[in-house]
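Laboratory data are not the source of any read-out in this text; all were calculated from the coordinates shown. Keep in mind the model is a prediction, meaning the values are calculated, not measured. Glycine also receives a Cβ, built like all others from the backbone with ideal geometry; neighbour counts cover every protein chain displayed.
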Amino acid sequence: MKRIIHIASQPGELVLDSFLGSGTTAAVAHKMGRRWIGIEMGEHARTYCQPRLAKVIDGEQGGVSKTLGWQGGGGFRFYQHGPKVFDDQGRINPEIKFEHLAAHIWFAETGTARSTRAMKSPLLGVHNGTAYYLLYNGILGDKTLAGGNMLTMKVLAGLPEHDGPMVIYGEGTNMTNDRLRSLGITFKKTPNDIRAR
């Protein structure tokens, strides 16, 4: 593996292993100063690959470590693919939780990650001066089918305030486009305006 990575890449370049398996390619790439992405399905990724690569960071001395003078260092991020946002008919998956849909919308809008463990609030956050909100799944406390998912003046008054442009996702609104514009709101309808990035 060392020879292949040496021939095919330079330090700092990216090595992709789309079938991570035991993590050998990622381990060797890391020790050789390459950045890497490893993809694996199932619990094996968490129970085997993640701990093995953590040992590489800690300086384990297996494989090519002695040849390369590996002493440890660096780091990696472990991401888990979330639940499907849409069902086969293009509707929002009824099993998806607020946190997962919020993380999807935040990433689609900002290109940055939002933890699914972030505070559960209709205000997802502020990015480059724009506040992003999601009215979904009873986040405002009203568990009726459309309750709290419709943008009205009453709902707007109950949202965390932001002095600047706002993007609000919801099932619908009773406000006119002129009214939304005057309030600095871009309204996006779920699921139609939710996009994959």
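Below, the figures for the structure above:
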{"quantity": "GluC sites (Glu not before Pro) lying in DSSP loop within the range 46-131, provided at most 16 other Cβ fall within 10 Å", "calculated": "Glu60, Glu95"}
{"quantity": "Listed residues Arg181, Arg114, Arg77, most fluctuating in the chain (Gaussian network, C-alpha, under 10 Å)", "calculated": "Arg77"}
{"quantity": "Furthest towards positive pole of dipole, Gly184, Leu53, Thr112, structure part the range 38-197, Cβ charges", "calculated": "Leu53"}
{"quantity": "log₁₀ of I(q)/I(0) at q = 0.21, 0.23, 0.27 Å⁻¹ - the range 2-68, Debye sum with one point per alpha carbon", "calculated": "-0.84, -0.99, -1.26"}
{"quantity": "Nearby lysines by direct alpha-carbon distance to Lys55 (threshold 25 angstrom, same-chain neighbours under 8 apart not counted)", "calculated": "Lys2, Lys31, Lys66"}
{"quantity": "Cα-projected label distance for Ser182 with Leu16, points at 7 Å along beta-carbon direction, nm", "calculated": "5.0"}
{"quantity": "Where chymotrypsin sites (Phe, Trp or Tyr not before Pro) in DSSP loops with at most 11 other Cβ within 10 Å are excluded, longest remaining stretch of the chain", "calculated": "80-197"}
{"quantity": "Along each principal axis, Cα extent of the range 98-189, largest first, Å", "calculated": "32, 32, 20"}
{"quantity": "Whole-Å semi-axes of the range 40-101's equivalent ellipsoid (Cα gyration tensor)", "calculated": "38, 11, 9"}
{"quantity": "Helix-derived mean residue ellipticity, 222 nm - over the chain, DSSP H n ≥ 4, -39500 (n - 2.57), to 500", "calculated": "-7000 deg cm²/dmol"}
{"quantity": "Rg to Rh quotient for the chain, alpha carbon positions, Kirkwood Rh", "calculated": "1.13"}
